[in-house]
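K.L.:
Shown below is the structure under consideration.
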Amino acid sequence: MNREKRSNFTIQMTEKLELPKDVMLGAVLLHITGRSQIEIENFNGIQYFSSQQIILKVSDQRLEIAGSQLEIKSFYYDQLIITGKIEKISYIR
Amino acid sequence: MEAWIRFCKGYVRCKLTGCSQERFLNLCRVNQIPLYHVTSHPHGYVLEVAVKDFFKLKKLLKKSDTRVKIQAKYGLPFLLVKYDKRKWFAGSLLLGAVILLFASRLLWSVELNGTVSHTQDEFIQYLKEADIQKGMVLNDICCEQLEKQIRSDFPDLVWVSVTKNGTVLKIHVEEEKKTEQDAGSEDCSDLVAHSDGTVISIVTRKGTPLVKAGDRVQKNSILVSGCNLLYDDFGNEIGTDFVRADADVVIETKLPYIENMPRSYENTIKTGKEKTCFSILTGKKILKIGKIPDHFNQCIMEGHQITINEGHLFEIPIRIVIEKYHEIMKEMALYTESEGAQIAQDRFRLYCKKMGKKGFQLVDKNVKIKVNDNNILAVGDVTFQYTANSLLPVRIPDENEEEGTVQVWD
């Protein structure tokens, strides 16, 4: 309960003070270039990777990227670049 | 750019197999090991990792229960090992490129155009005194400043242009053109004969003619006077007008021609033995390769010089001299009659050419060539025509001097 209260308070303060959410809330950052490249920051790790589907762990949910010929172009501590034919990006609980 | 940096550091492409391949990827992320081009294959993942980071994977592979196998190696470290025997070649190519790059920023040649009264050596000496010489950095030369300096130090130059073209400094100048009128246009002078002869024709433009066609004249005799006497309507002399005599006076003169040459000469015969030597010149330094053989008693040398990229934008200050030494034997020989006659004729032609440069045109010749046992003799006389153009200055008398006296300066 306290944890939830603290979380709501943080969200409200972030919105009212217009602070960056990726820093304050650890929100994932996506930078999509057309349908061929996507840069992801603020993620926690890879759960599943294949040439048709990539599932990433982000804050308290999961991010699914579906497509074909998917490839991880570069995989750093704080950044991930995925290339290929991207068809769907969705959040999974 | 990043790809180039990765190539310089070197990387390997490996195949990852095993149980928890995703766990391995996350462990790499946590340990800050970057991975590139990770693709999924039926039996595992294929990924690229830097050489330095590859050696850190052992612990992570053990943790995630995976195995990695190198498929290919890329990058400069592997290239250097592969072409270890060729490293000096590559190194010298690189060194040559660096030297060329460095040398292209320096001045190696000075080109001068348009000078007539000033010699090239004079200009090169002037540039040396102005601290401009071969081997200096091109950026240190300010063309505008040099132009101003040359114009102020050489007042007879009407136009100066200094440009940098590659490693060549081009200086183009134009001198003040002096016309005949400029030279003493205000002076009073008489037209005199160059040598003895007969006047063929005379066309006077300025001055008083003292001779007519058909007259015999001697050397330095006045043909056209610069003093014009002025008369009034009654024919009385009222004064003198002083001008620079100007006329076309064609004089014909006959000159004797005698040429005596020995018939014998020293003939050089090549024995057939020869030796080639090379020299490499850079500035004042010479590197000689090869020497004249000791057993050559006498020899003659034929050589030619090659300048790398001469005349082009980037002239390299390296000259290669190729010298060919031929062993010779000398012996005395006699010209044949036909050879002797040919030599005498060539000499006569040369004489006529020299006279032509002085303004004497050949009209007629009467020269006989005799080839004796010991010498070749050419005797006779030659008739030339020339247009008199020698001017003798006349001093204009002052008002205080007595009337009628004119002093002629030598």
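Read-outs throughout are calculated quantities, based only on the coordinates presented, and are distinct from any laboratory measurement. Please read all numbers here as calculations on a predicted model, not as lab measurements. Counting neighbours? That spans all protein chains shown, and the Cβs are built from the backbone with ideal geometry, glycine included.
K.L.:
Full extension from B:Lys63 to B:Asn165: what is 0.36 nm times the residue separation minus their Cα-Cα distance, to one decimal in nm?
P.N.:
Gain on extension, B:Lys63 to B:Asn165, equals 30.1 nm.
K.L.:
Using 1/(1 + (r/R0)^6) with R0 = 30 angstrom and r between the beta carbons of B:Lys288 and B:Leu334, what's the FRET efficiency to the nearest 0.05?
P.N.:
Numbers: r = 40 Å, r/R0 = 1.34.
That pair, B:Lys288 with B:Leu334, gives E of 0.15.
K.L.:
According to a simple spin-label model (label point 7 Å from Cα along Cα-to-Cβ), what is the distance in nm between B:Tyr74 and B:Lys273?
P.N.:
Result for the modelled spin labels: 6.5 nm.
K.L.:
Now a separate question. From the Cα gyration tensor of the protein assembly as shown, with a ≥ b ≥ c the square roots of its eigenvalues, which class applies: rounded if a/c is under 1.5, or else prolate if a/b is larger than b/c, or else oblate?
P.N.:
prolate
K.L.:
In terms of modelled amide H atoms, which long-range or inter-chain residues lie less than 5 Å from the amide H of B:Val110?
P.N.:
Answer set, sorted by chain and number: B:Leu169.
K.L.:
Oh, and also: Using a 10 angstrom cutoff on alpha carbons, build the Gaussian network for chain B and name the most mobile of B:Asn220, B:Asn267, B:Asn31.
P.N.:
Checking each option, the largest mean-square fluctuation is seen for B:Asn31.
K.L.:
Moving to a separate point now. I'd like the trypsin sites (Lys or Arg not before Pro) in segment B:1-108 restricted to DSSP loop residues with at most 16 other Cβ atoms within 10 Å, sorted by number. Spell out each step's value before the answer.
P.N.:
On the way: sites: B:Arg6, B:Lys9, B:Arg13, B:Lys15, B:Arg23, B:Arg29, B:Lys52, B:Lys56, B:Lys58, B:Lys59, B:Lys62, B:Lys63, B:Arg67, B:Lys69, B:Lys73, B:Lys82, B:Lys85, B:Arg86, B:Lys87, B:Arg105; in loops: B:Lys56, B:Arg105.
Those that pass, being in a loop and sparsely packed, are B:Lys56, B:Arg105.
K.L.:
Could you tell me the ratio Rg/Rh of chain B? Both radii from Cα atoms, Rh via Kirkwood.
P.N.:
That ratio is 1.31, to two decimals.
K.L.:
While we're here: Report the percentage of all Cα-Cα pairs in chain A whose separation exceeds 23 Å, rounded to a whole percent.
P.N.:
On the way: 1310 of 4278 pairs.
It works out to 31 percent of all Cα pairs.
K.L.:
Give the average, rounded to an integer, of partner chain Cβ atoms located within 10 angstrom of each Cβ in A:45-54.
P.N.:
That average works out to 4.
K.L.:
Using only the alpha-carbon atoms of segment B:214-312 as identical scatterers, what base-10 log of I(q)/I(0) does the Debye formula give at q = 0.18, 0.24 Å⁻¹?
P.N.:
-1.11, -1.29
K.L.:
Take segment B:184-266, compute every pairwise Cα distance, and split them into 10 Å bins from 0; I just need the percent in each bin.
P.N.:
Taking every Cα pair in segment B:184-266, the percentages come to 17, 35, 23, 11, 7, 5, 2, 1.
K.L.:
Place a label point 7 angstrom from the Cα of B:Leu255 along the Cα-to-Cβ direction, then list the residues of segment B:345-371 whose backbone nitrogen is under 11 Å away.
P.N.:
Only B:351-362 pass the distance filter.
K.L.:
Cα convex hull of segment B:70-206: how many Å³ per residue?
P.N.:
Expressed per residue, the convex hull around the Cα atoms of segment B:70-206 is 276 Å³.
K.L.:
Please arrange B:His295, B:His118, A:His31 by counting, for each residue, the other beta carbons lying within 10 Å of its beta carbon, fewest first.
P.N.:
Going from least to most buried by this count: B:His295, A:His31, B:His118.
K.L.:
Please report the antiparallel percentage of the DSSP beta bridges confined to chain B, to the nearest 5.
P.N.:
Beta bridges within chain B, antiparallel portion: roughly 95 percent.
K.L.:
Something else now. If packing is taken as the average count of other Cβ atoms within 10 Å, what order do B:276-287, B:198-209 fall into, highest mean first?
P.N.:
B:198-209, B:276-287
K.L.:
To the nearest 0.05, what FRET efficiency results for B:His118 and B:Ala341 with a Förster distance of 56 Å applied to their C-beta separation?
P.N.:
FRET efficiency, B:His118 to B:Ala341: 0.80.
K.L.:
How far, in degrees from 0 to 90, does helix B:120-129 lean away from the longest principal axis of the Cα atoms of chain B, to the nearest 10?
P.N.:
50
K.L.:
While we're looking at this one, here's another question. What's the FRET efficiency of B:Val321 with B:Leu392 using the Cβ-Cβ distance as r and R₀ = 60 Å, to the nearest 0.05? The partial results should precede the final answer.
P.N.:
On the way: r = 53 Å, r/R0 = 0.88.
So, using R0 = 60 Å, E works out to roughly 0.70.
K.L.:
To the nearest whole number, what is the average tally of beta carbon atoms from other chains within 10 Å of the beta carbons of peptide B:30-36?
P.N.:
Per residue, the number of nearby Cβ atoms from other chains is 4 on average.
K.L.:
While we're here: Could you size up the charge dipole of segment A:1-88 around its Cα centre, putting +1 on the beta carbon of Lys and Arg and -1 on that of Asp and Glu, and report it in debye to the nearest 20?
P.N.:
On the way: 11 positive and 11 negative charges, 41 e Å.
Around 200 debye, computed over segment A:1-88.
K.L.:
Average partner chain C-beta neighbours within 10 Å, per residue of A:64-77?
P.N.:
Shielding by partners across A:64-77 averages 4.
K.L.:
Here's another thing I want to ask about it. Using the crude model of +1 on Lys and Arg Cβ and -1 on Asp and Glu Cβ, and no other charge, please compute the dipole size for the protein assembly as shown relative to its Cα centre, in debye to 20. Could you put the intermediate results ahead of the total?
P.N.:
Details: 68 positive and 66 negative charges, 1458 e Å.
The dipole magnitude comes to about 7000 debye.
K.L.:
For segment B:79-118, state which chymotrypsin sites (Phe, Trp or Tyr not before Pro) are in a DSSP loop and have at most 12 other beta carbons lying within 10 Å of their beta carbon. All intermediate terms of the calculation are to be shown ahead of the outcome.
P.N.:
Values: sites: B:Tyr83, B:Trp88, B:Phe89, B:Phe102, B:Trp108; in loops: B:Tyr83, B:Trp108.
Taking segment B:79-118 and a limit of 12 other Cβ atoms within 10 Å, the loop chymotrypsin sites (Phe, Trp or Tyr not before Pro) found are B:Tyr83.
K.L.:
Could you grab the relative contact order for segment B:108-254? Cα pairs under 8 Å, six or more apart, rounded to a whole percent.
P.N.:
Numbers: 251 pairs, mean separation 30.4, N = 147.
It comes to 21 percent, rounded to a whole number.
K.L.:
Once both axes come from the Cα atoms, what is the angle between helix B:87-103 and the longest principal axis of chain B, in degrees from 0 to 90, rounded to 10?
P.N.:
40
K.L.:
Something else about it: Which angle from 0 to 90°, rounded to the nearest 10, does the C-alpha axis of helix B:21-30 make with the longest principal axis of chain B?
P.N.:
Relative to chain B, helix B:21-30 is tipped by roughly 60 degrees.
K.L.:
Taking every eigenvalue of the Cα gyration tensor of segment B:248-371, multiplying by 5 and rooting it, what semi-axes result, largest first, whole Å?
P.N.:
On the way: eigenvalues 385, 152, 17 Å².
In descending order, the three semi-axes are 44, 28, 9 Å.
K.L.:
Defining a contact as two alpha carbons under 8 Å apart and six or more residues distant in sequence, what relative contact order in percent does segment B:1-94 show?
P.N.:
Taking the mean separation of contacting Cα pairs over the length of segment B:1-94, I get 42 percent.
K.L.:
Quick check: pseudo-label points 7 Å beyond the Cα along Cα→Cβ at A:Ser68 and B:His295, how many nm apart are they?
P.N.:
Taking the simple label geometry, A:Ser68 and B:His295 are separated by 8.5 nm.
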